[in-house]
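Comments concern the structure below.
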Amino acid sequence: MHRTRIKICGLTREEDVAAAVAAGADAIGFVFYPKSPRYVAPARAAELIATLPPFVTAVGLFVNASAEEVADIVRVAPVGLLQFHGDETAGQCAQAAAAANRTYLRAFRVKPSTTGSELLEYEAQCRASSRLFAGLLFDTYVDAYGGAGKVFDWSVIPKELAHRAVLSGGLSVQNATGAVAQVRPFAVDVSSGVEAAKGIKDASLIAQFIAAVKAGDATPGNDA
């Protein structure tokens, strides 16, 4: 049975990092987009990263940052993986990843008009652009960056792509089991769905969310 990996994003406090690790999160996300209510300064992120045990990955989320800015931030806050959520081209993502010497995820904001073939074509383009490309993260298209807690039509994700993709966008305790059972993604990414307030996580919701993901893994038909 496949175990869906879990990333808790938008953390700003030690107690939230500790709660996510204790509940079994595989990755912790830090938002380096100054306009976000979940923004964390690189020096603060470095303090939080220092509390992580082995095999829990720190991920840095960027929006339209230059290659130099990304590299400068990673020098201060040693994240293991980059996540690009803005209007960056495939080439710009590749340049920033090379400057920081980190692998990266590219967020694709899914619109109602998005097709499965479009997703496969975009993944191929990203993969061809850099050996540091690690995969796509699917989020819901809104007129903002970093997600808005809204779901999209999961059925648009082709089966041949889902097993190596990260599912995001409006995931919560209520819908995580169904999302995992339907999409069978490699990983899921949640932020607002486990919050008491923006940037303030709820330890109970984190634990419930991870349990809901595991329930999705255990749903009959998950023979990946």
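Quick look at the numbers
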| item | result |
| --- | --- |
| Computed over segment 2-53, Kirkwood Rh from alpha-carbon pairs, angstrom | 11.4 |
| Amide proton proximity set for Glu195, modelled H, under 5 Å, gap of 5+ | Asp202 |
| Heavy-atom SASA rank of Phe138, Phe55 (probe 1.4 Å, accessible area, largest first) | Phe55, Phe138 |
| Rounded to the nearest 10 Å², the accessible area of Leu120 at probe 1.4 Å | 50 |
| Solvent-accessible area, 1.4 Å probe, carbon plus sulfur percent, for the chain | 54 |
| 15 Å Cα-Cα reach of Lys150 towards aspartates and glutamates, excluding residues that sit fewer than 8 places from it in its own chain | Asp139, Asp189, Glu195 |
| Heavy atoms of Thr115: accessible area, 1.4 Å probe, square angstrom to 10 | 60 |
| Cα→Cβ-extended label distance, 7 Å offset, between Arg131 and Arg164, nm | 1.7 |
| Whole-angstrom gap from segment 1-33 to segment 114-177, using each part's C-alpha centre | 19 |
| From the C-alpha gyration tensor of the chain, square roots of 5λ in Å | 24, 22, 15 |
| Relative contact order (%) - criterion: Cα under 8 Å, at least six apart; region: the chain | 22 |
| Antiparallel bridges, percent of DSSP beta bridges restricted to the chain (to nearest 5) | 5 |
| In segment 98-189, the trypsin sites (Lys or Arg not before Pro) that fall in loop regions by DSSP, at most 12 other Cβ within 10 Å | Arg131, Lys150 |
| In Å², nearest 10: area of Ile6 left accessible to a 1.4 Å probe | 10 |
| Accessible solvent surface per residue of segment 72-133, calculated while the other protein chains remain in place, 1.4 angstrom probe, Å² | 47 |
| Relative contact order [Cα under 8 Å, 6+ residues apart], segment 24-67, whole percent | 53 |
| Within straight-line cross-link reach of Lys214, lysines at Cα separation under 21 Å, skipping those fewer than 8 residues along the same chain | Lys7, Lys159, Lys201 |
| Solvent-accessible area per residue for segment 182-224 (1.4 angstrom probe, square angstrom) | 43 |
| Whole-Hz couplings from phi, Karplus 6.51/-1.76/1.60, listed for segment 7-16; x for Gly and Pro | 10, 9, 10, x, 8, 9, 10, 4, 5, 6 |
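The values are calculated or read from the model by the stated rules, or taken from the named source; none is laboratory data. Since the model is a prediction, treat every value here as computed from it, not as a measurement. Positions of Cβ are backbone-derived with ideal geometry, glycine not excepted, and every protein chain shown enters the neighbour counts. Ligands, DNA and RNA are excluded from the accessible area calculation, which covers all protein heavy atoms including side chains. Shrake-Rupley method; radii C 1.70, N 1.55, O 1.52, S 1.80 Å.
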